[in-house]
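To start, the structure itself, in structure tokens.
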Amino acid sequence: MLQDPTMTTAARPVRVRIAPSPTGDPHVGTAYIALFNYVFAKHVGGTFILRIEDTDQTRARADSEQMIYDALRWVGLSWDEGPDVGGPFGPYRQSERGPIYAEHARILIDNGRAYRCFCTAERLAAVRARQQLEKTGHGYDRHCRSLPREESDARAAAGEAFVVRLAAPLTGNVVVQDKLRGDVTIDVGQIDDQVLLKSDGMPTYHLANVVDDHLMEISHVIRAEEWISSTPKHVLLYQAFGWQEPQWLHMPLLRNADKSKISKRKNPVSINYYRDAGILPHALLNFLALMGWSFGDDREKFTLAEMIEVFSWERISLGGPVFNLEKLTWLNEKYIHDLDYGQLADAFLGWRMRREHWMQILPLVRERIKKLDEIIPMTEYFFSGDLDYSAVLGDLVVPEVAPADVGKGLLAYVERFEAREGWSAAMLEEEARAWCEALGWKPKHGFMLLRVGSTGRKASPPLFETMAVLGKEITRRRLRRVAEVIASGGKVK
Ligand code: GLU
């Protein structure tokens, strides 16, 4: 039963979705938005859909889609329709829906709500430069908007490159009716003639997102606040097609302690980090629920089923929730204490103690041990979290480089592996060599920093194999932390 009367105006079945772009590691923000979509769907007996928005081929990463599935399943969320489980509204991967977008761009050209734009990159750059100089206008100058249709058709037929742009209304307002925020009114004068279809025939986010939400019969778009600036453009698109809009709900964004949007520079943002750091999936989900919503009665610990039962949009708070690791750890502790010993043993053995993990570690240590009792002391850093560097500070140096620059240099290495797909010793070594060369550091100094930073020790099994087994999440976290420790002269512990 719907408790919130404002939601009953949608006289259609509740169908909600998340639409992540597979561009990197699975983000906690994805789990947070998935949670609210899932809980709302389950509360009202609706359908929860997962759609992969992978039309930006320059950013899409092959391994990322599977990681999204794995991470969401790890926290305990599942979807009724999606690329991997199918469903009646597929395909659910945008890269497989190309003809649908082309067809819809054509519908808008035919009804005069969109037009082909043949402007070259040079012309657009010249327009921008002039606008900056004269401090007039912004965005596209609508040069091609008045092209006669026959000319546009002829030029397209002759093979000239074009994009398709929305012919945005020139005057008036567009109102976004956000169920959490009320009406947001925007002067259309601020809205550019958005590109809908790029010159390679691929749709932009705006076109693909609106077309899919409509065709997949999405009733409520529940997404993060960061998309709110796109929503007026989406409303214009719904109007241009003559379609019924979904209900809009923009959830508050997760934030760093300084209130900026949550970022990997200030907080680990990958769901896999929390998994590898020993956070229990239910604790993470419970924590994410508390970020935007309150259970009532000051209750902070609750199950997913309990949340589904009492869920109501009225208890969403819009203030920017701070993603506070201490709070998460506090909640995790409560979950741990509530496990019986058998459950705790299972949780632990299913974590980094699992057999596959040992099968990766043992090749690194077998030749170095004489007795089994040496294994645990020798491999302790594969199972611990943040390391204590106080005893090895003297080794965290590069001759003649100021500590602040050593710290910055280390972060540059992290940036390098972030930019690469996959995770292997060969990749890590290749990047480490290129990194030392770029900084003018001797490999023996650079590699020692990586070794001490990632293991807390001066001697370890082969460095890059060790980092490969430690995994991206733990390696990234340790190197970022040790960079801070170095830059602060050991003050940050
Ligand atoms: N592809 C967008 C994302 O990466 C989807 C935003 C939306 O939900 O509309 O989050």
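The values are calculated or read from the model by the stated rules, or taken from the named source; none is laboratory data. Keep in mind that this is a model prediction, so the values were computed, not measured. Cβ sites come from the backbone with ideal geometry, for glycine too, and all protein chains shown count toward neighbours. The accessibility values were calculated without ligands, DNA or RNA, using every heavy atom of the protein model including side chains. Shrake-Rupley method; radii C 1.70, N 1.55, O 1.52, S 1.80 Å.
A few remarks follow.
- Segment 144-266 - percent relative contact order, Cα under 8 Å, separation 6 or more: 23
- Virtual paramagnetic centre 7 Å along Cα→Cβ of Ala154, amide N under 12 Å, in segment 89-124: none
- Separation in nanometres of the label points that stand 7 Å from Cα toward Cβ, at Ser229 and Gln131: 1.4
- Pairwise FRET efficiency - Lys266 versus Phe241, Cβ, R0 = 45 Å, nearest 0.05: 0.65
- Length gained when the stretch Ser78-Lys370 is fully extended (0.36 nm per residue, less Cα-Cα span): 100.5 nm
- Accessible area of Thr120 in the full protein assembly, 1.4 Å probe (Å², nearest 10): 70
- Remark: relative contact order (segment 60-159) = 14 percent; criterion is Cα-Cα distance under 8 angstrom and separation of 6 or more residues.
- Computed extension gain for Asp405 through Leu344, at 0.36 nm per residue and net of the alpha carbon distance, reaches 17.7 nm.
- Crossing angle, helix 98-110 versus the chain [Cα axis fit, 0-90 degrees, rounded to tens]: 30
- DSSP beta bridge pairing in the chain, given as percent antiparallel to the nearest 5: 55
- Ellipticity estimate at 222 nm from DSSP helix runs (n ≥ 4, -39,500 (n - 2.57)) divided over the chain, nearest 500: -13500 deg cm²/dmol
- Among the cysteines of the chain, those whose beta-carbon sits 4.7 Å or more from every other cysteine beta-carbon are Cys119, Cys436.
- Label-to-label distance, nm, for residues given as Asp200 and Asp297 (7 Å Cα→Cβ offset): 5.5
- Per residue, the chain exposes 47 Å² of solvent-accessible protein surface, assessed with a 1.4 angstrom probe and all protein chains in place.
- Relative contact order of the chain, defined on C-alpha pairs under 8 angstrom at six or more residues apart (%): 14
- Accessible carbon and sulfur surface of the chain relative to its total accessible area, %, 1.4 Å: 54
- Extension gain for Asp192-Glu415 works out to 76.9 nm (0.36 nm per residue, less the C-alpha to C-alpha distance).
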